[in-house]
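First the structure, in the form of structure tokens, and then the observations on it.
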Amino acid sequence: MLRFLFAMMIPFLIFVYTMSFTRWMGKERHLAAATSAALLGALTLCASGATLWKLLT
């Protein structure tokens, strides 16, 4: 479990960066782009988590 958490640090940091970009796009009133970025960030985090879980267990 500790290896999984350590391996998820980079995907999580990418997710945090994507969410800050999403907030910026929301402030600029680009709601379609903000929604797309948030969805892409969440899907990427889930896919990375599932892949790493499968590889490490």
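Each reported figure results from applying straightforward, stated rules to the coordinates on display, with no laboratory input. The structure displayed is predicted, hence computed values, not measured ones. For neighbour counting, all protein chains shown are included, and Cβ atoms are generated from backbone atoms with ideal geometry for every residue, glycine included.
In the chain, the longest principal axis of the Cα atoms and the axis of helix 31-56 are about 0 degrees apart. With the simple spin-label model, which puts each label point 7 Å out from Cα in the Cβ direction, the Val16 to Cys46 separation comes to 2.3 nm.
Here the extension length gained between Trp24 and Leu39 equals 3.9 nm, from 0.36 nm per residue of separation less the Cα-Cα distance. Simple spin-label estimate for Leu55 and Phe6 gives 1.4 nm between the two label positions (7 Å along the Cα-to-Cβ direction from each Cα). How far, in degrees from 0 to 90, does helix 9-27 lean away from the longest principal axis of the Cα atoms of the chain, to the nearest 10? Tilt relative to the chain: about 10 degrees. Every pair of different Cα atoms in the chain enters the Kirkwood calculation, which places the hydrodynamic radius at 12.0 Å.
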